[in-house]
Amino acid sequence: MRKLKKFGLALISAAVVSAASFTAVSAAPKATPVPSPAPTLSPDEILIQMQETHELNGVEVSQEYINYCTLALYISQLYIDDTVTMDDAILMGLSKYLEDHDGALDEMLKSMFSSLDPYSEFMTGEEYVELQQSIEQTFYGIGVSLRQSGEYVEITGFVEENGLAEESGFMVGDKIVKVNGTDVVGWPLDDIRNRIIGEVNTAVNITVLRGGEYIDLVGIRTEVRQDTVSSAVFERNIGYIRIISFGSNTAEEFREALKKLSDRGVTKIILDLRDNGGGRLDAAVSIAEMIVPKGKIVDVKYRQSEYDVTYNSSLTNTDKRFIVLVNKNTASASEILASAIQDSKVGRLFGTQTYGKAVVQQVYPLGSGSQYGSHVFKLTVAQYITRNGNEINGVGLTPDKEVENTHEPIDATEYTSFDFKTKWSIGDSGKGIRAAKERLYMLGYYAGSSDNEDFFPDLQSAVKSFQMDMGLIPYGIIDIPTQVYLEKRFEQLEKYTDNQLEEAYMAFGGKVDDLYETEEVAQSE
């Protein structure tokens, strides 16, 4: 039980004194004092009555609420109409406030639900749509696939069923420079993605860098559906499946990915659940039924025990072995799947402690006949217990192997260095040209090979683009100021090492050098 906050009686005492002496303070010094009633209860007695009347002993309430109730108690004792009780004053005040302040009820309901736990929530119709889009990976974008390329986000392709992006003039290789006038160079992919998506059939102005030129284009937002499951096959026939979230189609997408790997003879699979905040319980259970050996998957327990349910797998034969990648953002449905794999010994967990969300929410729509129309509330109604009987809410899953990813500064000594004395232009050859190529490639300006020391036209275009962004004269010569700026930007880069993926790959017999031959999966926007 949560305990009532012990509030200071000084405020109440001051209020009592103030109420009792108000007339005397404001009256003329020589006037005949007018009798003024005072509250009949002392501060200690007020506290006792509030606790008894409102049964607050088991609930933690704020000082503001206590102050509000205290004044309502004064009203019940001093107001000329002795039929007005403390509860009447509280209810009338709240009713009047909600009537006079538009939007106050929404805010109060949001506060009421969020006070229960971190997951219960009152949502407007728009907020609920956004939640569904997040889970289902459906949104309104311009129909292009993107990937991070140094400090730029680059268009790598188009959504097949959506031809508007190509009609609008976008091309593969375009680097996004501005979105609706905001310079986004250096922004992470997710931040640019959030700038691009918006309401259906609305326009978004995007400036792209193409061949050294800045081009202004207008994209029209249409529905884009991104798969929640992606897969790949690494060297040594090691499979990889990533689940972004658990939506209505996730189980079927996983089934297709699993079949593709099976058709290739893959039996060792890295399952990536990092940064997967969950989604639909039934999707996680359906996937577990495909890969977890016969036995319990998870117990779900409700307040009303008649609704309790145990989900089981009937799989009698599995030739697959898994290593599941998890981190602090692996939560809810992801933890259900990961725990079933870990507890059944069909796989191991690599990474860091998971989030620890072992409670289930149900969404309840408010009917169209109500004041709220499409509003909904999401309420925690159950908890789940893992296959081995562990309660992990607030605790999370402990990996079989703890592995942290690392970010570290670029070691410039591993790359070719500038002499900061020689200028380079088309037709030249030398180590400074290789140094420029290496840095421009890492910064996302140059897509060619850095295995040679020759200055070709494609390098000139990259140099011009970099010079324009740095405010230098964009004439395509690698002069001394350009070298200085390249070195400064290069030294600011960080090298990210996915140690978790590397450890999983090596545990299945792979070599790290082979791992990065597989192209990363792009994101659709």
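The values are calculated or read from the model by the stated rules, or taken from the named source; none is laboratory data. What you are looking at is a predicted structure, and each value in this text was computed from that prediction instead of being measured. Note that we place each Cβ from the backbone using ideal geometry, even for glycine, and neighbour counts take in every protein chain shown.
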- Message: Among the numbered criteria (1) surrounded by fewer than 24 Cβ atoms within 10 Å (Cβ to Cβ); (2) charged (D, E, K, R); (3) modelled with pLDDT of 95 or more, which one does R303 miss?
- Response: (3)
- Query: Name the strands (runs of 3 or more DSSP E) wholly within the stretch 301-402 that hold at least 2 residues that are of a type in the set (A, V, I, L, M, F, W, C)?
  - Reply: 321-326, 347-351, 359-365, 376-386
- Message: With the requirement that a residue be of a type in the set (D, E) and more than 25 Å from the chain's Cα centre (by Cα), what does the stretch 162-189 give you?
- Response: E166, E167, D174
- Out of T406, T422, T380, report the one residue that is in contact with a Ser or Thr (Cβ under 6 Å, 6 or more places away or on another chain) and more than 30 Å from N499 (Cβ to Cβ). T380
- Task: Residues being closer than 30 Å to E223 by Cβ and assigned to a helix (DSSP H, G or I): count how many of those fall in the stretch 110-131.
- Result: 9
- Item | Subset of the stretch 223-248 (residues that are more than 21 Å from E335 (Cβ to Cβ), in contact (Cβ under 8 Å) with a residue 40 or more places away in the chain and either of a type in the set (D, E) or not in a helix (DSSP H, G or I) (or both)) | E223, V224, R225, Q226, D227, A232, V233, F234, E235, I238
- State yes or no: is Y485 under 21 Å from T413 (Cβ atoms), at pLDDT 90 or above and either out of contact with any Ser or Thr (no Cβ under 8 Å at 6 or more places or on another chain) or assigned to a helix (DSSP H, G or I) (or both)? yes
- What are the residues in the stretch 192-205 that are within 18 Å of S145 (Cβ to Cβ) and either loosely packed, with under 12 Cβ neighbours inside 10 Å or more than 20 Å from the chain's Cα centre (by Cα) (or both), if any? V204
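Residue-wise test of (1) of a type in the set (V, I, T); (2) in contact (Cβ under 8 Å) with a residue 12 or more places away in the chain.
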{"site": "I287", "(1), (2)": "yes, yes"}
{"site": "K296", "(1), (2)": "no, yes"}
{"site": "S305", "(1), (2)": "no, no"}
{"site": "L315", "(1), (2)": "no, yes"}
{"site": "T318", "(1), (2)": "yes, yes"}
{"site": "R321", "(1), (2)": "no, yes"}
{"site": "T330", "(1), (2)": "yes, yes"}
{"site": "A338", "(1), (2)": "no, yes"}
{"site": "S344", "(1), (2)": "no, yes"}
- Query: Any chance the stretch 270-279 includes a residue that's buried (at least 21 other Cβ atoms within 10 Å of the Cβ), of a type in the set (K, R), touching a strand residue (DSSP E or B) at 6+ places or on another chain (Cβ under 7 Å) and not in a strand (DSSP E or B)?
  - Reply: yes
- Item | Members of the stretch 416-452 that are among the aromatic types (F, W, Y), surrounded by 15 or more Cβ atoms within 10 Å (Cβ to Cβ) and assigned to a loop (DSSP other than H, G, I, E, B) | F418, Y445, Y446
